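Undergrad: To start, I am sharing the structure in question, which I have written as structure tokens.
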Amino acid sequence: MQAAQRWLLLGAILAVPGCASIPPATVPSAPEVHQQHLANVAGIDQFSLNGRIGVQTEAKGFSGSTQWQHTPRQDTISLFSPLGSQVAAIERTSGNVSLVTNDNKRYEAMDAETLTEQNLGWRLPMNGLSDWVLGRPGKEPVEAAQWDDAGRLVKLRQDGWDIEYGQYATVNHYQLPMRITLRNASRLTLKLIVQQWQLPSR
């Protein structure tokens, strides 16, 4: 499929309605406002989400849906084709990462980035993704950040990735991202639309 056609397909799949959401404002916030927001979301240590994912590299693309369960000790991410068949299941624990393909072949590695690149053709940045998806910086040094007037991240540059946030929604009294775009220097673009968040009760 030609590159232009891949992008058109990706755009069509990602153009799906979400829950009532709040687009980030463009006026930057005072430091105390975004520190208050960060303090609020810092308490989230586990979540589940359902959404749509789109991936584009120079050589190939992928689009479909995803389910992700995250706890401090484990991540389980399932990827599905647009027709609903499972493409891969990724599981990460403190000492290992495994990937099972749709033909039940199992692969293992020490990190998710290497494992996904070798078997899917693109890198999934698991080191920071569980923080970025919640709208907060990860543990690596922050190179640049932009906040809106409500203290929420609009743009973040960290660990070789540029992350942009398009919309937020109120979930269990938290302001959480609903549209996230990640890009790196290898011309890899990941787009995630969260259709449903599930958080533990506060």
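Undergrad: Would you check which residues across segment 99-131 are touching a Lys or Arg at 6+ places or on another chain (Cβ under 6 Å) and surrounded by fewer than 16 Cβ atoms within 10 Å (Cβ to Cβ) and list them?
TA: Gly121
Undergrad: Okay, moving on. Looking only at segment 55-91, which residues are of a type in the set (D, E, K, R) and either within 24 Å of Ser186 (Cα to Cα) or at pLDDT below 95 (or both)? If you could, list the steps in order and put the result at the bottom.
TA: First, pick out the residues of segment 55-91 that are of a type in the set (D, E, K, R): 58, 60, 73, 75, 91.
If the condition is that a residue be of a type in the set (D, E, K, R) and either within 24 Å of Ser186 (Cα to Cα) or at pLDDT below 95 (or both), then Glu58, Lys60, Arg73 are the ones that fit.
Undergrad: Within segment 159-202, restricting attention to residues that are outside any strand (DSSP E or B) and of a type in the set (Lys, Arg), which residue is nearest to Pro125 (Cα to Cα)?
TA: Here is the first cut: in segment 159-202, the ones outside any strand (DSSP E or B) are 159-160, 172-173, 185-188, 199-202.
Applying the additional criterion that residues be of a type in the set (Lys, Arg) yields 187, 202.
Numbers: Arg187: 14, Arg202: 28 Å.
So the residue we want is Arg187.
Undergrad: Only residues that are under 24 Å from Thr71 (Cα atoms), among the polar types (S, T, N, Q) and at pLDDT 95 or above: list them for segment 171-202, please.
TA: Hits for segment 171-202 are Gln175, Thr181, Gln195, Gln196, Gln198.
Undergrad: Now, a different point. With the condition kept exactly as written, say whether any residue in segment 79-92 is part of a strand (DSSP E or B), touching a residue at least 12 places away in the same chain (Cβ under 8 Å), within 24 Å of Gln198 (Cα to Cα) and of a type in the set (Lys, Arg).
TA: yes
Undergrad: For residues that are under 17 Å from Phe62 (Cα atoms) and over 13 Å from the mean Cα position of the chain (by Cα), scanning just segment 177-202, find the one that is surrounded by the fewest Cβ atoms within 10 Å (Cβ to Cβ).
TA: Arg187
Undergrad: May I pose another question? Could you tell me whether any residue of segment 99-114 is modelled with pLDDT of 95 or more, among the aliphatic types (A, V, I, L, M) and touching a Gly at 6+ places or on another chain (Cβ under 9 Å)?
TA: no
Undergrad: Report whether or not Asp149 is at pLDDT 95 or above and among the charged types (D, E, K, R).
TA: For Asp149, the condition - at pLDDT 95 or above and among the charged types (D, E, K, R) - is not met.
Undergrad: Gln167: within 18 Å of Leu190 (Cα to Cα), of a type outside the set (Gly, Ala, Ser) and loosely packed, with under 15 Cβ neighbours inside 10 Å, yes or no?
TA: Considered against the rule, which asks whether it is within 18 Å of Leu190 (Cα to Cα), of a type outside the set (Gly, Ala, Ser) and loosely packed, with under 15 Cβ neighbours inside 10 Å, Gln167 comes out as no.
Undergrad: Which residues, counting only those in segment 116-139, are in contact with a helix residue (DSSP H, G or I) (Cβ under 7 Å, 6 or more places away or on another chain) and either under 18 Å from Arg179 (Cβ atoms) or part of a loop (DSSP other than H, G, I, E, B) (or both)?
TA: The answer is Trp122, Arg123, Leu124, Pro125, Leu134, Gly135, Arg136, Pro137, Gly138.
Undergrad: Sticking with this one: Just for segment 140-158: of the residues that are surrounded by fewer than 19 Cβ atoms within 10 Å (Cβ to Cβ) and touching a helix residue (DSSP H, G or I) at 6+ places or on another chain (Cβ under 9 Å), which one is nearest to Leu124 (Cα to Cα)?
TA: Per the stated criteria, the residue is Glu140.
Undergrad: Then there is this: If the Cβ limit is 6 Å and pairs must be 6+ apart or interchain, which residue in segment 50-74 that is within 24 Å of Gly84 (Cβ to Cβ) pairs with which residue that is of a type in the set (Lys, Arg) and modelled with pLDDT of 95 or more?
TA: As it stands, the answer is Gly54/Lys191; Ser65/Arg52, since those pairs meet every condition given.
The values are calculated or read from the model by the stated rules, or taken from the named source; none is laboratory data. Being a predicted model, the structure only gives us computed values, none of them experimental. We place every Cβ from the backbone using ideal geometry, glycine too, and count neighbours over all the protein chains shown.
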